[in-house]
Amino acid sequence: MVEVSIAMDALSTLSDGLARIVDASGISVVRVEARRRRPASGTVWAPEGIIVTAHHVIEAEDDISVGLPDGRRVPATLVGRDRTTDVAVLRAEAGGLTPSTWAGPDGLRVGNLVVGLGRPGQTVRATLGIVSAVGANWRTPTGGQIDRYVQADITMWPGFSGGVFVDVQGKALGLATTGAMPGRAIAVPVSTLTRVVDTLLTYGRVRRAYLGVGAHSVRLPASLERQVGQDGGLLVVSVEPGSPAEQGGLLLGDVIVAAGGQPLRRLQDLVSLLSADRVGGTVPVRIVRGGRAQDLTVVAGERDA
């Protein structure tokens, strides 16, 4: 009986502690109404009404509203969005809000408990799980740079995207989303959020470089593989008129095998290469044309927002 009593006390302490975390952290989680279906969640970034949410839940760019923890529903405007990191910023017509207290992933280990918070309705909702993966920097399938990979074995109920994952200290580990890597619940860490949010608040967009080609992966014949030192590349299937690619001399049927000194085998390799710092800069491109390798130089443009 003593062992049972101790176990019950431990469970009671854990239960009460989790409830306190939800109470304390939930005041920074809001409801975001910007799509026809179930509302999503958002996180207070700054007291003057700056809200961070997931890009993929913002289907409308007008008639957006935010449901606050005190029950008020206030209008909001879209400041900007970045689909590659699945981050969007709203400005709600409200002040005196309570921002989340953020924690970096340092010290975070696989197996640590994590609480997911969302507010798809009037009240805050919670779900419990564990950290299932912690990794290094990575790029999303759409080319966004995430400064740390944090995945949680947690159920993301409808409307939870845009909320937060918090640790047992009640500190936010990152923006909760399934949009950056479909089918997986990840946290976009505060370092990434800070970079993206600051850029969106300043410019209303995140700059992305582009060349203006459509391409898909192909395997090179053995003779070309020996010539260029790799077994595949990107076959150019379209070139936008007036694009940097056209101006740089790329043609339909070219096979791009390298750009910026990096070998290219998948379209994702090219997308990842075209970061903001490439805009306006020269990108050396190595191609195979007519069975021979040759080098071109393309000046990267900026993709329209």
Exercise. Kindly express, to the nearest 10 degrees and within the range 0 to 90, the angle between helix 2-26's C-alpha long axis and the longest C-alpha principal axis of the chain.
Key: 60
Practice problem: With no solvent and one equal point scatterer per Cα, compute the Debye intensity ratio I(q)/I(0) for the stretch 221-300 at 0.13, 0.15, 0.26 Å⁻¹ and report its log10, rounded to two decimals. | Solution: -0.36, -0.48, -1.43
Quiz item: If you take all C-alpha pairs in the stretch 178-229, what percent of them are over 17 Å apart?
Solution: 68
Exercise. Could you please report the charge total around LEU78, scoring K, R as +1 and D, E as -1 over all other residues with beta-carbon less than 14 angstrom from its beta-carbon?
Key: -2
Self-check item: Heavy atoms of VAL168: accessible area, 1.4 Å probe, square angstrom to 10
Solution: 80
Exercise. Would you mind computing the Rg to Rh ratio of the stretch 131-175 from its alpha-carbon coordinates, Kirkwood style for Rh?
Key: 0.98
Quiz prompt | Angstrom value of the Kirkwood radius, inverse mean 1/r, which spans all Cα pairs in the stretch 140-271 | solution = 17.8
Self-check item: D_trans [Stokes-Einstein, Kirkwood Rh over alpha-carbon pairs] for the chain, 37 °C, 0.692 mPa s, µm² s⁻¹
Solution: 154
Quiz item: Considering only DSSP states other than H, G, I, E and B, which trypsin sites (Lys or Arg not before Pro) in the stretch 106-151 qualify as loop sites with at most 15 other Cβ atoms within 10 Å?
Solution: ARG109
Exercise. Using amide H atoms built 1.01 Å from N in the peptide plane, name the residues 5+ places from SER65, or on other chains, whose amide H lies under 5 Å from its own.
Key: GLU33, ALA76
Exercise. Provide the solvent-accessible area of THR142, counting protein heavy atoms only and rolling a 1.4 Å probe, rounded to the nearest 10 Å².
Key: 50
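Given 0.36 nm per residue, what is the gain on full extension from ARG73 to ASN137 after removing their alpha carbon distance, in nm? Don't skip to the end; give the middle numbers.
Working: separation 64, 0.36 × 64 = 23.04 nm, distance 3.71 nm.
Between ARG73 and ASN137, full extension yields 19.3 nm more.
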Self-check item: Probe 1.4 Å, accessible area per residue of the stretch 82-173, Å²
Solution: 42
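Go through THR127, THR13 and list them by solvent-accessible area, largest first, probe radius 1.4 Å.
On the way: THR127 15, THR13 95 Å².
Heavy-atom accessible area, descending, gives THR13, THR127.
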Quiz item: With the calculation restricted to Cα positions, what are the radius of gyration and Dmax of the stretch 1-126 in angstrom?
Solution: 17.4, 61
Self-check item: Degrees, to the nearest 10: 190-203 long Cα axis against longest axis of the chain
Solution: 70
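The values are calculated or read from the model by the stated rules, or taken from the named source; none is laboratory data. Please read all numbers here as calculations on a predicted model, not as lab measurements. Neighbour counts run over all protein chains shown; Cβ positions are idealised from the backbone, glycine included. What goes into the accessible areas is simple: the full protein's heavy atoms, side chains included, and nothing from ligands, DNA or RNA. Shrake-Rupley method; radii C 1.70, N 1.55, O 1.52, S 1.80 Å.
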